[in-house]
Amino acid sequence: MAQKSRNAGKPAGSRSSGARSASAHGRIKHSNKKPARVPDNKPTSQAKPKQMAAQPQPKRPAREGARPDENIPLILEAGYSEQYRLIDSGLNEDGQGEKLEQYGDYLIIRPEAQALWPKSQNQSLWHKADAIFTGDVEEDGMGRWQFPKGALGETWPMSLLDTDFYGRFTSFRHVGVFPEQLAHWQWVAAQIKAADRPLKVLNLFGYTGVASLIAAQHGAEVTHVDASKKAIGWARENQELAQLGNKPIRWICDDAMKFIAREERRGKTYDIILTDPPKFGRGPNGEVWQLFDHLPTMLDICRSILSPNAVGLVLTAYSIRASFYSIHELMRETMRGAGGIVESGELTIRERAEEGPLSDKQTGDMRGRALSTSLFSRWVPK
């Protein structure tokens, strides 16, 4: 329904204010201006005014048949590349959790509520950071970036799974990409490669479009939906940088719930549906999305628009006070009678340090501490 603020966005075809442009050859124009404080809304869990209560969803008929088999808990761990690495995490001197990550050429420090342990690396390594997010540590709080080594441009080039895109400093601590999703992206790429036909992929709450670009690059026909005009604009910039302008991607700025309801009425179907909704958000016309109010209806409609030979339905949930069992059992109820299997658990990233007292090179330990980032549930046919 609402924009994917962790999950943020903009009008289709528009370019966000201050964003850097890229030529067809991928040359980036950097600016020394400080990033504008424009909300990216990713996990949009802004305080909800009383008058903005979500509308009750029409009751849909209960699904019948046996529930799918289950595989739980399943812990999906993001891999590493030269472009992304979780270096360290832990409590700072104020007792607040934070993490040190490498994004492309930059070392970045951001708040991390899940990091409840002591840091393992020397503080001198943390002092090498190029950017530090300060301000409100809540997911919905606006803050600002500090650049200890000098001002940086709003964007910088990155690449994951051979797909180019922009990292971006936003006022909600996010940087335009969620690397823990690598596990899902690799799964999607593998399904597309293995298929004997072009697969149709629907990416709901698609944010800046990295998942959509990866799917398209591997041969899928992609429909990308986000209610934020800014995010759609950013996604198009990423498409330009990735030189994927000739790939079949529909960029749609719309309320996700309204879009899938229309697709259901039209009889449209998709082989893979990715949905990564925020806890709270708004659609382009003021529609209100509340995860716990709308998720059952959204998943049920997604089930209806899966193709007869569907490959999978993937749900990721961030910033909610719930067990993965909650969305796991909801997914199994949603997919009654469909057969297959529902796999649920958590997405994680492991620390990997290449220098310092507990570096991989010195200890030989390639299994650093795992940082939990989100819950997920995935239905797949057997």
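The values are calculated or read from the model by the stated rules, or taken from the named source; none is laboratory data. Quick caveat: nothing in here was measured; it's all calculated off a predicted structure. Because the Cβ atoms are built from the backbone with ideal geometry, glycine has one as well, and the counts that use them run over all protein chains shown.
Residues in region 264-296 that are modelled with pLDDT of 95 or more, farther than 18 Å from Met335 by Cβ and either part of a helix (DSSP H, G or I) or touching a Lys or Arg at 6+ places or on another chain (Cβ under 6 Å) (or both): Arg265, Arg266. Across region 243-260, the number of residues qualifying as of a type in the set (Gly, Ala, Ser), surrounded by 24 or more Cβ atoms within 10 Å (Cβ to Cβ) and over 17 Å from the mean Cα position of the chain (by Cα) comes to 0. Per the conditions (1) crowded, with 18+ Cβ neighbours inside 10 Å; (2) not in a loop (DSSP other than H, G, I, E, B), the sole criterion not satisfied by Arg350 is (1). Test Leu202 against the stated conditions and say whether it is part of a strand (DSSP E or B) and over 20 Å from Leu107 (Cα atoms). So Leu202 passes the test.
Only one residue in Ala235, Ala216 is farther than 25 Å from Gly281 by Cα and in a helix (DSSP H, G or I), so which one is that?
So the residue among Ala235, Ala216 that is farther than 25 Å from Gly281 by Cα and in a helix (DSSP H, G or I) is Ala216.
Looking at region 304-316, which of its residues are touching a residue at least 40 places away in the same chain (Cβ under 8 Å), crowded, with 21+ Cβ neighbours inside 10 Å and of a type outside the set (Val, Ile, Thr)? Passing the criteria: Ala310, Gly312, Leu313, Leu315. Does Leu299 qualify as being in contact with a Leu (Cβ under 7 Å, 6 or more places away or on another chain) and either part of a helix (DSSP H, G or I) or farther than 20 Å from Val177 by Cα (or both)? For Leu299, the condition - in contact with a Leu (Cβ under 7 Å, 6 or more places away or on another chain) and either part of a helix (DSSP H, G or I) or farther than 20 Å from Val177 by Cα (or both) - is met.
Going through (1) out of contact with any helix residue (DSSP H, G or I) (no Cβ under 9 Å at 6 or more places or on another chain); (2) among the hydroxyl-bearing types (Ser, Thr, Tyr); (3) within 30 Å of Trp126 (Cβ to Cβ) one by one, Thr348 falls short only on (1).
Among the residues making up region 193-218, none is in contact with a strand residue (DSSP E or B) (Cβ under 7 Å, 6 or more places away or on another chain) and among the acidic types (Asp, Glu).
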